[in-house]
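First up is the structure itself, then whatever we jot down about it.
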Amino acid sequence: MTQQATVVLGVIGADVHAVGNQILAHALEEAAIKVVNIGVMASQKEFIEAALETGADAIWVSSLYGHGEMDCRGLRDKAVEAGIGDVMMYIGGNLVIGKQEWSKVEDLFLKMGFNRAYPPGTMPEEAISDLKEDLALRGV
Amino acid sequence: MTQQATVVLGVIGADVHAVGNQILAHALEEAAIKVVNIGVMASQKEFIEAALETGADAIWVSSLYGHGEMDCRGLRDKAVEAGIGDVMMYIGGNLVIGKQEWSKVEDLFLKMGFNRAYPPGTMPEEAISDLKEDLALRGV
Amino acid sequence: MKEVINQRIAEKDFLAAREEVLKGWPTGEDVDLKEAFKYHQAMDEKKRMVPVITQADRQGKTLIQPRAGVALPEEHISLLQFLLEEGEADLLPTTIDSYTRQNQYREAENGIKESREMGRSMLNGFPAVNHGVGICRGVIEAIPAPVQVRHGTPDARLLAEITLAGGFTDFEGGGLSYNLPYAKRVDPADTISHWQYVDRLIGYYQEQGININREPFGPLTGTLVPPSISHSVGILEALLAAEQGVKYLSLGYGQNGNLIQDVAALQTLRDLSKRYLAEAGHADVQVTTVFHQWMGGFPQDEAKAYAVISWGSAAAALGRATKVIVKTPHEAMGIPTREANAAGLKTTKQIVNMLQDQGIEQTKRLDIEKEMISKEVDQILARVLEIGDGDWARGAVRAFEAGILDIPFAPSRYNSGKIMPARDNHGAVRFLNTGKLPFGKEVQAFHEKKLDERAQFEERDVSFQMVIDDIYAIGKGMLIGRPRD
Amino acid sequence: MKEVINQRIAEKDFLAAREEVLKGWPTGEDVDLKEAFKYHQAMDEKKRMVPVITQADRQGKTLIQPRAGVALPEEHISLLQFLLEEGEADLLPTTIDSYTRQNQYREAENGIKESREMGRSMLNGFPAVNHGVGICRGVIEAIPAPVQVRHGTPDARLLAEITLAGGFTDFEGGGLSYNLPYAKRVDPADTISHWQYVDRLIGYYQEQGININREPFGPLTGTLVPPSISHSVGILEALLAAEQGVKYLSLGYGQNGNLIQDVAALQTLRDLSKRYLAEAGHADVQVTTVFHQWMGGFPQDEAKAYAVISWGSAAAALGRATKVIVKTPHEAMGIPTREANAAGLKTTKQIVNMLQDQGIEQTKRLDIEKEMISKEVDQILARVLEIGDGDWARGAVRAFEAGILDIPFAPSRYNSGKIMPARDNHGAVRFLNTGKLPFGKEVQAFHEKKLDERAQFEERDVSFQMVIDDIYAIGKGMLIGRPRD
Ligand code: B12
Ligand code: B12
């Protein structure tokens, strides 16, 4: 990476799971990535606005509580509308309700416009290294 | 039952599981059935001889240790040879190696010539009531 | 926002507020208190929480209760029936979905529709407000055991109106415990006031001789919460509830994993809350205890999850909790299938049964733990009362503002977030940072010593890395987050 | 049969006997002791049992070990690899099939053939004798952890020859523990003598500096065995083994389910055996301990089985057993699949990890339990020595004859079968009937009082029905077999 990357981090919807969010923020900072943490209970609008304002390279969405499917629909469209349609979007957590086959869940979220999706139990390091790769490809 | 029924009880093969055998003996006695307990490590021959000698109405075979399939083959034939081909034969315990679908295991043993087979965890009372029924049908 | 004080809501204020509250969603119209009283009076004792837990508590038995809730009534009923029969649950829950918790009844309505369309629950719980009184009663009538409302709702006034009229006999939550861990921008003064309403409503039932049980949510954020923090919150909510006329309280605590600390926590929770209630003139309030199996991150592996469930059950039984709230082998993955839920219950039942006649001795280490928890709670609550100028409600609000009360990892902006917990060398949860908690020197020194011991053993400094390691530890098969080799 | 005495077998007698033994099955020919010594000397320390358990014992860690064995070598290896990797086992077993245990090598050969034909294991273990030295080494070489031979063989001389030459570094069993629970008509004098051979063989390796671990089989019939009974047997076998030159012993105990009794049993097992060994001039023998998760009837339900497994793991960790032998969720049904076996291991690992830093306090109730166990063992062993005219081997044989030693539910005709165990009101296993055990009045009175307590609580007489109820209890989800209501 040539310049410092910026990531907007938050937990979407009516979701209050705060622990993973705090750890992700810490891990990103440790990896010398600038973190704009909008915290829990963040709306789609808040994600997009924060990304616009800070010129973020990526948006990291967490959804733990099971309503991720309903909460995330249309997020990519909103980004397009806001003129940041190509922002990198990752999602992770317990994305759907119940224990479901991961490949199907991943599909669902990739189709929704996320660039990458992570199953429960993902360690931050894994996604950070993916991010660095993805951004390097884009020359960030 | 008009007369006291007699049951030959034992654990077949190289099987030493003794606890269930002792409880079965006790339960049969409590139910006013005469028990001829040949104990653990009983050979096919011992079962047949005991049944012949005591004019038993039924043979109760236990097999716990997993070699039941190999140990029981031919028991019915031996009974036929000995002239007691119609003796009632029950089997119970952990009849095969590993957790297998019960209906298949039951089939296997019924085909081998047992009149009834019981899955792990059978309470003695259940089989005793079956026995009383079966013997009543035969007028014992 | 007017200041809250710990004082019983006047009847006319209460009735005026009710009118407003019931307008919150069309189903509010169906609430008729007089009719609800009659409904409750006619209910079978076996379906009522108070007699069932009171008896268990007297016999020293630990009852088991799952979490469970799905969007559609038929499915919800069949789920609860399954957990009762196949899972051998003693008490049942109705877990409310996250939209309802945020009073987003429109989203909940969508969720119900989508669930019908998709043929699977698209909500993470049962939207009781949208369903209304009649459907709630359908649940109660179908289930031959007490059913409790479990949620996480900062403003649960309408939910309480509907579910109590709907025949539920136990209601979880509180103005602090359902705010700080469950909300981001909600003022504790508001939630305390909203929960005074809920408690008053229950007091109102109580005055008709209808015993409703109330349970503050003990585990808070579920993640390395030191006992004195959750105890202080629980006792505060107990005091506020009692003031509104609540007579039956179950106070909760989330397992930390060190047996001595967990048993000490259960014993002190009972003793301290009774003492504070008595001092406030509520000696007649019954206190029972609730133990939550480990509420933080779970192992992904189901066999390991069973171990965590079992160890929680063991601590609950040895600590003589009145009931234990059960996790499932799916915990780390998602809302459990009914089978997984029943499995967690059966594991718990087996342990509780095997341990119920064993008990635990009152040892020196147990005494020390109890003494420390009591001191910490006393120091916190003394300051709360002081800063509240003698009023528990005012004190609670100001205490959070000042960091005198502080919940680790809580998402709320009204929480200081200055304290930091970490495990000591035996796995008990201590304070790595006490923030603004009003602890004396002895308490401070105790925690420092405990963490130094661990640091020395691990040959590293006491630091935030320990906290991170501890957050992951149980999920990764350990109790203490030792440095990886 | 000539009388056995506890005396080291003379070299020439031993060598003469070896010649006979090795003729027992064609594979015996391949045993070449000198070459075997070299093989062992070249082995990696990480694959040897003694260094691995010695280190664990020093660190106060509890290692985990499954049971596992199938008929065919390829499958056996892949099974062990799976249990190591997926199951996180620390130590591995090779469980021998029941035909081999009865020296029925022809039946075992059939079983191997049938297994190849049927494509599944038709034997309940690994027929090591039929496979021979080379295939045993194949197992050892494929597995990067210590592997122990576990069986139940009254006459294990050939099995020991082949598996030790095959590179195994630990051998379970003993002349009493692998006779009385595992045989019907075999004279203990014979098995003691056969096991003197096995121990002498290990002593022989030991003299070359090759440390082989020996483990008497602690749980006996696995069903409500009072600690003093299994301790007495274990200590006797330890004394006999030490006399033949064995230097590393792991003594075992099967969980009974009451935590205090189980911890007391583990602690006294260590202390008593060391004392008896030292008094017999074997102070240099290392003793470690083995805890077996509940060895009696298991619950059919897997979720409940996980609970039993977990509670056993907890007792093992709190009692600081050097290793714990792990059950599986399939226990009540049949030999577990590899997945079920790994699941039992993972549950155990999680508990052991979560508890290893917790420890247990030396309380009054624990002291009392320890005192009673010690008294009982001392009274039994004093009589054994007396009746043996000062010789432990002779004493052991005569003691069983006279009922001075007696194992509940054992199938052997050489066992009196006069004693009867039952649980007391806290679930500890007591004597309902002490048969001919040489107990003093105090011990007798202790057990009577304990059972009276239960009888009073249950409002029924002390009787055989209690024993039956207790045998079923854990399988039915309880610890104590209370009368059904
Ligand atoms: C602690 C906890 C709570 C606490 C939260 C306290 C707080 N405010 O933070 C409390 C008790 C309040 C709570 C409440 C609820 N919870 Co909750 N909770 C948990 C639990 C046990 C642990 C979560 C946690 O802190 N893990 C530790 C952190 C470090 O891990 P993490 O959050 O998973 O995050 C990591 C990774 O997932 C990944 N990650 C996360 N996001 C992203 C994003 C990207 C881009 C990347 C790359 C990686 C990534 O990295 C993170 C750091 O390592 C989980 C189950 C579990 N995991 O064991 C359930 C769980 C998440 N909760 C659940 C539910 C349903 C609820 C409730 C709705 C109902 C209830 N049961 O009470 C409410 C929801 C309230 C709301 N509106 O959100 C469900 C979700 C179900 C589903 N998805 O199917 C779970 C899975 C439990 C279950 N099996 O039922 N919960
Ligand atoms: C205790 C026990 C032992 C003790 C036995 C002591 C003794 N001498 O009695 C010891 C430790 C010595 C032992 C040894 C072995 N065991 Co074992 N043992 C058990 C265990 C845990 C309990 C058995 C018991 O006592 N149950 C209580 C009694 C009351 O119940 P029961 O025996 O099932 O009998 C009842 C019913 O089945 C029924 N019943 C039984 N027979 C019949 C017959 C009829 C006609 C009817 C109607 C009913 C009926 O009624 C009985 C009374 O209620 C079982 C697993 C389990 N069930 O939890 C394994 C188990 C039987 N053992 C097993 C094995 C493999 C062995 C060993 C080969 C190897 C080993 N693991 O060490 C050796 C075998 C030695 C030999 N040659 O037989 C396996 C069998 C596997 C299979 N079939 O696939 C089991 C299932 C464990 C497992 N899952 O691996 N064992």
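Only the coordinates and a few stated rules stand behind these numbers; no lab work does. Everything numeric here is computed off the predicted structure, so don't read it as measured data. Cβ coordinates were reconstructed from backbone atoms using ideal geometry, including for glycine residues, and neighbour counts include every protein chain displayed.
Numerical summary
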{"read-out": "Reachable lysines from A:Lys104, criterion Cα separation under 30 angstrom, eight or more residues apart if same chain", "value": "A:Lys45, A:Lys78, A:Lys132, C:Lys113, C:Lys304, C:Lys327, C:Lys476, D:Lys346"}
{"read-out": "Square roots of 5 times each gyration tensor eigenvalue, C-alpha, the protein assembly as shown, largest first, Å", "value": "58, 34, 31"}
{"read-out": "Rounded to 5, percent antiparallel among DSSP beta bridges of chain C", "value": "15 percent"}
{"read-out": "Chain C: relative contact order as a whole-number percent, Cα under 8 Å and 6+ apart", "value": "15 percent"}
{"read-out": "Between region C:437-476 and region A:87-128, the Cα center-to-center distance that results, in Å", "value": "33 Å"}
{"read-out": "Taking N as its residue count, the alpha carbon Rg of region C:11-354 over 2.2 N^0.38 Å", "value": "0.91"}
{"read-out": "Residues A:Lys132 and C:Lys441, FRET efficiency given R0 of 56 Å [Cβ-Cβ distance, rounded to 0.05]", "value": "0.75"}
{"read-out": "Cut-off 13 Å between beta-carbons: net charge of the residues surrounding B:Lys78, Lys and Arg +1, Asp and Glu -1", "value": "-2"}
{"read-out": "Chain lengthening between D:Lys12 and D:Ser78 when straightened (0.36 nm per residue, less Cα-Cα)", "value": "19.7 nm"}
{"read-out": "Cα gyration tensor shape of chain B, rounded if a/c is under 1.5, else prolate or oblate by comparing a/b with b/c", "value": "rounded"}
{"read-out": "Rel. contact order, % - alpha carbon contacts under 8 angstrom, at least six apart, region C:418-485", "value": "30 percent"}
{"read-out": "Simple spin-label estimate for C:Asp389 and D:Arg413 in nanometres, 7 Å along Cα-Cβ", "value": "9.4 nm"}
{"read-out": "Dimensionless Rg ratio for region C:157-304, taking C-alpha atoms and the 2.2 N^0.38 Å reference", "value": "1.06"}
{"read-out": "Packing-based ranking, highest mean first, of A:99-105, C:434-440 given that Cβ atoms within 10 Å are counted", "value": "C:434-440, A:99-105"}
{"read-out": "Angle between chain B longest axis and helix B:124-137 axis [Cα atoms, degrees, rounded to 10]", "value": "50 degrees"}
{"read-out": "Principal-axis tilt of helix A:102-111 within chain A, Cα atoms, nearest 10 degrees", "value": "60 degrees"}
{"read-out": "Nearest-first distances (nm) between copies at C:Lys34, label 7 Å from Cα via Cβ", "value": "10.8"}
{"read-out": "Calculated over region B:86-140: convex hull of Cα atoms, volume per residue (Å³)", "value": "79 Å³"}
{"read-out": "Distance (nanometres) between label positions extended 7 Å along Cα→Cβ at C:Lys449 and A:Lys34", "value": "4.8 nm"}
{"read-out": "Copy-to-copy label separations for D:Glu109, where each label sits 7 Å from Cα toward Cβ, in nm and ascending", "value": "8.2"}
{"read-out": "Cα point-scatterer Debye curve for region C:418-485, base-10 log of I(q)/I(0) at q = 0.11, 0.27 Å⁻¹", "value": "-0.24, -1.23"}
{"read-out": "Inter-part distance where region C:192-237 and region A:44-81 are each reduced to a Cα centre, Å", "value": "36 Å"}
{"read-out": "Antiparallel %, DSSP beta bridges [both residues in the protein assembly as shown], to 5", "value": "10 percent"}
{"read-out": "Rounded to 10°, Cα long-axis angle of helix C:11-22 versus longest principal axis of chain C", "value": "80 degrees"}
{"read-out": "Neighbouring partner chain Cβ atoms per residue of A:18-25, average, 10 Å criterion", "value": "5"}
{"read-out": "Averaged over D:292-302, number of beta-carbon atoms from partner chains that fall within 10 Å", "value": "3"}
{"read-out": "Charge tally in the Cβ shell below 12 Å around D:Glu141, where Lys, Arg are +1 and Asp, Glu are -1, D:Glu141 excluded", "value": "+1"}
{"read-out": "Helix-only mean residue ellipticity at 222 nm for the protein assembly as shown, each DSSP H run of n ≥ 4 adding -39500 (n - 2.57), per residue, nearest 500", "value": "-15500 deg cm²/dmol"}
{"read-out": "Per-residue mean of C-beta atoms belonging to partner chains within 10 Å, peptide D:97-103", "value": "4"}
